[in-house]
Every structure is written in structure tokens, then in C-alpha cells.
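I have placed the structure first, in the form of C-alpha cells, so that the comments after it can refer back to it.
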Amino acid sequence: MRKATKTFVSLASLGVLLASAKTGLALAETNNTLATAATTTAAATDTTGSTSSTASSTAASSTSTPASSSSSTSTATKKTTSTTAKKATTRTTTTKKTTTSTSSSSTTSTAASVTHVGSTIHYSNGPAIGDVKLTVVTVGSKITSITVNIGTATAGREAAFPYLVSSAKAANGTSFGDISRATVTSEAFKQALRSALAN
Amino acid sequence: MRKYSGRSQETPKLVNNSRSMNQTGPQLTLTPPNQRVRLGVKKWLKIKRTQDVLETIAWATVVFVAAMFFLDGGITKFDNLTDTLGALSRLTALVGTDLLLIHMLLVARVPWLDKYYGHDRVTIAHKKLGKPILYIISAHFLFSLVQFALQDGKSIAAELLSLVTTVQDMWSATLALVLMIVVVISSINASRKKLSYEAWYIIHLLGYASVLAAVPHQFSTGSDIAGKPLQQLFWIVLYFFVALNIVWFRILAPIFKNLGHDLKVSAVVRESSDTVSIYLTGRKLEKLGGQAGQFYMLRILNKENWSKPHPFSISAAPNSRFVRFTIGARGDFTKALPGLKVGTKVFLEGPYGIFTEERRTREKVTLIAAGVGAPPIRALAESMAARPGDITILYRVRDYEDAALLNELEQICRHRGFRLHILAGKRGQAQSWLPEHLTSEPDQARLIEMAPFVSESDVYICGPAAWTHAVEKTLTRVGTPASQIHAEEFAW
């Protein structure tokens, strides 16, 4: 390579590497916040919406505002559902509907929403040992919620489950990469997901 | 860009007075020289530009895999020891595999690389990459092993055993590393001296097995490919591109070419006490291609030699009647050549090399040969486009009476009006490339005396490596730019 080209190429590649590292860092941070937000929402309303958690929480708050006179959230939800029936559906209400159906999945379910309970997958492959059992809620062919009923792993690999849940939802299935250092756990998770979806 | 035409010439018969062995060679007729050639600095710039593009693409693949790793959040994994090891293991694996594929492409004898770099430089690059790749891949192995062992609290040995026996495709990946270590050890200089070429070659073929054995674990357990469409596409395209180039240019293309031409030995002629010329004939030789100054890998298809290719330059410009190699007796194979039977089938791979007029940018040319380096110089003198006086030839031989192709060079020079200087005699001082009786003056003074236009001409040098370097040094002293000096390294 000639000197000028070499200088140009090395500067350009340095730039690309720095930019990608920075973007990667930023992306990882957003993912972390998302995951945290998702867990918080899940704890509060047992919900993790298919859209971003911020959207679902906004939806939830907008639900509670008009129904502030009512005491419990569940009544509020019912009220909105009835409103939906009466009035034309808006974008927010659709999101709400999904959210609602997910939260009330154990008791009632809307026509499109289906709950799948998977069987317990026991895995003991090499360095990793554990059990995975998942409950999956789908609307049509879309996975809207994944609950890890049982999720055990060795050497701190339990930490992989939130990532696996968000990856599975993003991929809407099992076609996502294994998490490094938790390859076997990831594979078991995928197996559990398949078993749940088959039910 | 300047162009000019050489004077058109009738082709005279050359008297062949070489001592015949099995039978006399075909009556030697000169092939008409090239009528025109592109000259000028733009030609050189074009080559340089293409080289830059090719190198940038190669480098870009490395940057791409690293950048994708970082985009995936690779850099966030450096907060504790095991995570750091894991991230390093992934990064070294990605970069190492990418370099390994480039390394394999370099030895596939692809014409689009040969054309811009020459077989010698491509092979040298392949050699240089070997060890670093092994270090990078071994680092990947060690990083991931230590990382897993720390995580599971096992000893390294126990962890290795459990990984190999239980994790998918890990046994073949480990085998691949072992094979790679064997290949590299067999290729370092110390072991190359002890191993025969054939043994080394067979061990080297294990390199392909090593790469194949390593592929599955990258796709099944690697967390940088599965489920990532862009990376998946990149790796699949890269693997297929390299595989197709190897299969086509290394295996299929030479086979088709040889089936079409059906080459046979038609004569074996003694040229000097230790040199023989081998004439080949076959079908449609005008379609064989190639240029003066290029070489073929020659396999003689008899029981002892079919598996051993040897590189030889053609010693006459490509023509429709014969292909000729002039070969000095240097090793076991070349010493047995005078006994070669007429009619023996041969297999040619090539032509390769850029020691040709493709590299010429100036009107004047100086051709410098020593001993066994004469064949390509002889072919270039025959085929280069030139007017009388454009080309000066220096031929360094030990013994005037026993110089291969000298008679032919003399006749070409007489006919085409070139200057020829025979530098006969024993070796002089250690640093000099001239014979003893000429070392009273510095080499550069002698060179300018013999080839007055040397600093503004293209210089083609062919001879033993140390001698070639001595000539190059003198050329630099007389002011010939490096871009005008052409020498082929014997890199096999």
C-alpha cells in the first residue's frame, strides 16, 4: 500500500472502530435500562409489552388517569375495555388492550391472546446444569410476554435469563444468538420456549 | 500514455548447435516480438491503485468483524476478569478466522492476485501471516478455556475435558487447533530443512482439514454469528468466496486446461554441461496463453514424479509450436531430467508471475541474468517490443564455453540490434555481482559503462537471491527508481 492510502485507511478504520465501540456502549446501556424498566413494569402490572416498556407504561398511566375515581387498576382496565368497544380504537388503546390481556392472562383472555405453559427442561451439559420452565403469551403469532417460572443455572448464568427473554421477544422465536458463556443455558432456554409454544 | 511500435521483423532461423542428447530439438525459429507496448507512469500507477484497493478490502474485512463485535456491546464486557477473557476470546476468534481465510486465499494461486502482486509476493505474504494467525487462534483457545475454568471453578485440564466431551462441536475445534499447530511447526525454517518437500506438502494439506474442522463450532456455539443476519451473511459469503477460489483456480482450472492441451515431452536437449531444455508439444498451443518471463508449475506424469510440481520459467516466447523449459541440474529431480523419455505426459499449472512486459513503463530496458536465471531473460529478449538499441542484456556466467542459451541470446541480439555483455569468470569480492576481473572498479561504474541508459530503463533481474540483491543495490546507487526494478524472488 502506498503511504497516503495507508494513512487514510488506518485513520478511517480507527474512526469506524471507535464509532462502533461507542455505539455498542450506548446500545448496551439502552438495553440495560429497557431490561430494568421491563422488570419494574412486570413487577407492577405483571406485564412486559411487546412494544417498548416506556410506551406500555405511558399507556398504563393514561388508563389510570381517567379512571382515577375508581379504586383499583383492574376496574380501570375493564372500563377502558368497554370504552374500546364503544368508541373507535386508537393506537394507544390497542397497546392497552395487549397489556390488559397479558395482565389478566391467568383469568380471562381476549380472543387473540393465548397462554402457553411449557414443560420443565432439565439440562446438564458440561459445565452448566439447571432447569428452565417458561410461560409464554402470544397474540396471534406474536410473542408478547415470556415469564420464567423456573430458571436455574450455574455460576451466575441466571443473569442470562432477562437477556434471553428480551432477545426471544425481539426475534419473536428462537432464532437469536446464544449468549456467550451461557451457551448451554441459552440452548435450554430455546428448547423450553419451543416446548411452550408447542402447547 | 505513450505507445510505440517495434520494427516489424522477418523471423530468421536460428542455427541450433547445442549438443544433442536423446534427439535434436525442433529447428529453432524466433517468435515475432510484441508489436506494441503501453509505457508511462500511468501504467505503474494503475497497478499501485489496484493493489491499494485489494489491500483495503482485505483490511476492511478485519475492521468489519471487529466493528460488529463492538456494536454488539463487546466493549462493555471488560468489567471483570471472566467477562474480559470472554470478550477477548470472541474478538481473537473473529479476527483470527478472518485472517485465516485471507491466508488461504493467498495460496490459492488466484490470477487476480498474481496479476497485481506476482506469485512470489503473494506466497511471501502467505508465509508471513501463518505464525501470527496461529498465535491469535491459540489466544482464543486459551482465553475461553481459562474463562470457563474460572467460571465453573474447575482446573484447566478438567474444564478442557468437559468442554471437549460435552459441548457441541468442541472436539473438532480442538482437533483443528492441534492440526494448525502441526502445520505451522512443519513450516518453520528449522523443520523445513529437515523435512522433504513431499512430507511437508502432505502435512500442509492438513491445514485445509483444520479449517474445515473449525467451521462447525463457529456457527453452532459462537455468539457472534447465529441469529445475526448481517454477520451470518458476511461469514457465509467469505467462506464461499475463498472456497470457490481455491477449488476453481487451484484444482479445476488447471485440470481443464491440461485436458484441453494434452501436453507431452517432444524433445530433451542438452544446452550446457549442467542444463537441459525440455520441449513440450500439444494441441492448440497458441491458446495456452502466458507471456515471456512467466513460469509454470511442471509435473512430469510418471510414477516417481507425478505428485511433485516444480516451478520453471519458459525459455522461449509463447508460440504455437512448442513450450520450452531450460532447466539447470540442481536437485534430485532436475538431475534426472536428461533421462526423461520423449512422449512422457506432463501437467502444467500456470502461467504465473509478473516478470513480464506488463511491468514495463520505459522505452529502454536492461535485462540482467545470472546462470540459471537466463531462461526468462532469453524469452523476454525474444518477445519485448523494441527498436534496435533499446535493450541491453548483461549475462553473468561462470564459464563462457559452458553457458546455457548463450548462443541463442547472441543471435537474438545480433538480429534485433541489442547490446549483449557476457560477464564470464569466477566470483569476485563478496559484495560484487561482477566477475573477478572486472572488480577493479566499483560495480556501478562498470554497470553505467555497459548499460548507459540503466537509470532511465526498466531493469529485469533474474538470478540467485544474494546476487540479485547485490545487483539491486548497485541499481539504487546509479539512480534507477525502485518502481523500474523487476526481480522475481524464488519463494517456494
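The residues packed around A:Thr5, meaning those with a beta-carbon under 13 Å from its beta-carbon, carry a net charge of +3 if Lys and Arg are +1 and Asp and Glu are -1.
Over all directions, average the projected area of the Cα convex hull of chain B and note it in nm².
26.7
The C-alpha atoms of chain B define a longest principal axis, and helix B:229-245 lies at about 30 degrees to it.
Rounded to the nearest 5, the antiparallel percentage of DSSP beta bridges internal to chain B is 60%. Take the alpha carbon atoms of the range B:400-456, find their center, do the same for the range B:201-256, and report the distance between the two centers in whole angstrom. Spelled out, the Cα-based centre of one part sits 50 Å from the other. Distant-in-sequence amide contacts of B:Ser266, defined by a placed amide H-H separation under 5 Å and a gap of 5 or more residues or a different chain, comprise B:Tyr279, B:Leu280, B:Thr281, B:Gly343. Distances between placed amide hydrogens fall under 5 Å for B:Arg362 paired with B:Gly40, B:Asp458, all partners being 5 or more residues away or on another chain.
So what is the 222 nm mean residue ellipticity for chain B from helices alone, if each DSSP H run of at least 4 adds -39500 (n - 2.57) and you divide by all residues, rounding to the nearest 500 deg cm²/dmol?
On the way: 14 runs with 231 residues, N = 492.
Mean residue ellipticity, 222 nm, calculated: -15500 deg cm²/dmol.
Beta bridges assigned by DSSP with both partners in the range B:358-487 are antiparallel in approximately 5 percent of cases. In order along the range B:322-339, the Karplus-derived 3J(HN,Hα) couplings, from 6.51 cos²θ - 1.76 cosθ + 1.60 at θ = phi - 60°, round to 7, 10, 10, 10, 10, 10, x, 6, 10, x, 4, 5, 5, 5, 7, 4, x, x Hz, and Gly and Pro are given as x.
With distances taken between every two different alpha-carbon atoms, the range B:106-218 has a Kirkwood hydrodynamic radius of 15.9 Å. Counting every C-alpha pair in the range B:358-487, the share spaced more than 24 angstrom apart comes to 20%. Selection among B:Ile202, B:Gly289, B:Gln444 by position relative to the dipole of chain B gives B:Gly289 as farthest towards the positive end (Cβ unit charges, Cα centre). Could you compute the net charge surrounding B:Cys413? Neighbours are other residues with a C-beta less than 11 Å from the C-beta of B:Cys413; K and R count +1, D and E count -1. Result for the local shell: +1.
Annotation: amide H-H contacts under 5 Å for A:Ile121 (H modelled 1.01 Å from N, sequence separation of 5 or more, or interchain): A:Val132, A:Lys133. Between the helical axis of B:197-220 and the dominant principal axis of chain B, each derived from Cα atoms, what acute angle in degrees is found, rounded to the nearest 10? The angle comes out near 40 degrees. What the pair-distance distribution of the range B:261-352 shows, using all Cα-Cα distances binned every 5 Å from zero, is 3, 14, 27, 30, 18, 7, 1 percent.
Here, each number is a calculation from the coordinates, and none is a lab measurement. All of these numbers come straight from a predicted model, not from anything done at the bench. Note: ideal-geometry Cβ built from the backbone for every residue, glycine included; neighbour counts use all protein chains shown.
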